[in-house]
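Encoded as structure tokens, the structure appears first; notes follow it.
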Amino acid sequence: MRRGARYKYHVASRVKGYRVAKADPFAFHAEVPPATASVVWPLDYEWGDEAWMAARRGPNALGAPIAIYEVHLGSWRRVPEDGNRSLGYREIAAPLAET
């Protein structure tokens, strides 16, 4: 297949004659929605991140310190003037990101 060729897998079931075309779940490239085909794409990208990869070894080492933040969204903040209701995901996003 040539670069840019579009393809799908044809699945044929023995159950009730079901047949369907499916995208490749391991494809490296796909059509832009609403199209759903997989696209043949080479893996010949030249990475230029050797310095970054070498520098990350220290901070990301298994023995390096780590901080884990956990928040229970239902009780983190409430709206007292609206029956003390919990904030929705969209409402909580900005104030949570600021903390």
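The values are calculated or read from the model by the stated rules, or taken from the named source; none is laboratory data. What you see is a predicted model; the values in this text were computed from it and never measured. In this analysis, Cβ positions are derived from the backbone assuming ideal geometry, glycine residues included, and neighbour counts consider all displayed protein chains.
What single numbered condition from (1) more than 30 Å from ALA5 (Cα to Cα); (2) in contact (Cβ under 8 Å) with a residue 24 or more places away in the chain fails to hold for VAL39?
If we test VAL39 against (1) more than 30 Å from ALA5 (Cα to Cα); (2) in contact (Cβ under 8 Å) with a residue 24 or more places away in the chain, just (1) comes out false.
For the range 58-77, state whether one or more residues are in contact with a strand residue (DSSP E or B) (Cβ under 6 Å, 6 or more places away or on another chain) and at pLDDT below 90.
yes
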